[in-house]
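The values are calculated or read from the model by the stated rules, or taken from the named source; none is laboratory data. Since the model is a prediction, treat every value here as computed from it, not as a measurement. Cβ coordinates were reconstructed from backbone atoms using ideal geometry, including for glycine residues, and neighbour counts include every protein chain displayed. Just the protein is used for accessible areas: all its heavy atoms, side chains included, with ligands, DNA and RNA removed. Shrake-Rupley method; radii C 1.70, N 1.55, O 1.52, S 1.80 Å.
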Amino acid sequence: EIGDESQIVSRELCGGCHVKRTGDIGVFVIKSETSAAAGIRRIEALTGERALAFLLEQRNKVEDFTVELASEGSDPLEKLRKFLDEKKKLEKELEQLRSKAAGAAMKDLSSRAVPVGKTKLVAAEVNAKNMDQLKEMGDALRDSLGSGVGVLAAAFDGKPSLVVVVTPDLVKSGVDAVPIVKELGKRLQGGGGGKPHLATAGGKNVAGIKDAIADAEKVVAEYMK
């Protein structure tokens, strides 16, 4: 409550400080401002000694930060931005190298394609760190195959995944990767879907990867009929 009985300037519901005058609060540091309910905001703050301790802690962190960046005498924020820009550049270069390596590996796999009816098939387990990388490998394999079907499998985060790719000429003739990946996905105790040129499947049976690769030729041959 601000003011006296003759003139109340402000009276609010309060949680936290209860003082006779605002000067008793001292330092006031807002730590967060969030939504409590529809139309209601919650401010969480520190006051007095707790606020001073918090500010001291923050200052110490900034000093440690400055020392770690070896930016004493210069702007640590500017130096951090340069580090982050360099990090992005290196990550981009690394991704390009990975793509080139994946392309080379997929060319090697495509050279070992086996005939299945009037087309050819590549089925292999590969080392991918996530589904995006597995898809990239699938794209590279499709480009290398010329004409055919590719089945790639990998396990990451303790779960198995499959990618099936179909080259453009086969897609044009009506071949669809989705029914193939759905059938092979059963070996992983899972399901899948996607588009005619690229479909994916996931499951919970990692051991099923070997079965999916082993059965790929039979499944594709049956589908192509």
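Worth a mention:
- Only one of the listed residues (Val178, Val126) is out of contact with any Lys or Arg (no Cβ under 7 Å at 6 or more places or on another chain), within 22 Å of Glu95 (Cα to Cα) and β-branched (Val, Ile, Thr). That residue is Val126.
- Condition broken by Leu90, with the remaining ones in (1) open to solvent by 100 Å² or more (accessible area, probe 1.4 Å); (2) closer than 30 Å to Asp139 by Cβ satisfied: (1)
- Which numbered condition Thr47 misses (of (1) of a type outside the set (Phe, Trp, Tyr); (2) exposed (fewer than 12 other Cβ atoms within 10 Å of the Cβ); (3) farther than 30 Å from Val219 by Cβ; (4) touching a residue at least 12 places away in the same chain (Cβ under 8 Å)): (2)
- Pairs are defined by a Cβ separation below 6 Å, a sequence spacing of at least 6 or placement on different chains, a first member in segment 200-223 that is closer than 21 Å to Val175 by Cα, and a second member that is part of a helix (DSSP H, G or I) and open to solvent by less than 40 Å² (accessible area, probe 1.4 Å); the pairs so defined are Ala201/Val181; Ala201/Gly185; Ala212/Leu184; Val219/Leu184; Tyr223/Ile180.
- Criterion violated by Arg11 - all others in (1) open to solvent by 80 Å² or more (accessible area, probe 1.4 Å); (2) modelled with pLDDT of 80 or more; (3) of a type in the set (Lys, Arg); (4) farther than 30 Å from Ala128 by Cβ satisfied: (2)
- Of all the numbered requirements in (1) farther than 22 Å from Glu222 by Cα; (2) under 27 Å from the mean Cα position of the chain (by Cα), Leu109 misses one, and that requirement is (2).
- Test for Val9: is it assigned to a strand (DSSP E or B) and not polar (S, T, N, Q): yes
- Criterion: among the aliphatic types (A, V, I, L, M) and farther than 18 Å from Val116 by Cα - qualifying residue of Ala212, Ala216, Ala177, Ala154: Ala154
- Selection within segment 69-81 - within 24 Å of the chain's Cα centre (by Cα) and open to solvent by 90 Å² or more (accessible area, probe 1.4 Å): Arg81
- Residue in segment 86-98 that is under 23 Å from Ala207 (Cα atoms) and modelled with pLDDT of 90 or more present: no
- Within segment 93-106, tally of residues that are within 22 Å of the chain's Cα centre (by Cα) and among the aliphatic types (A, V, I, L, M): 4
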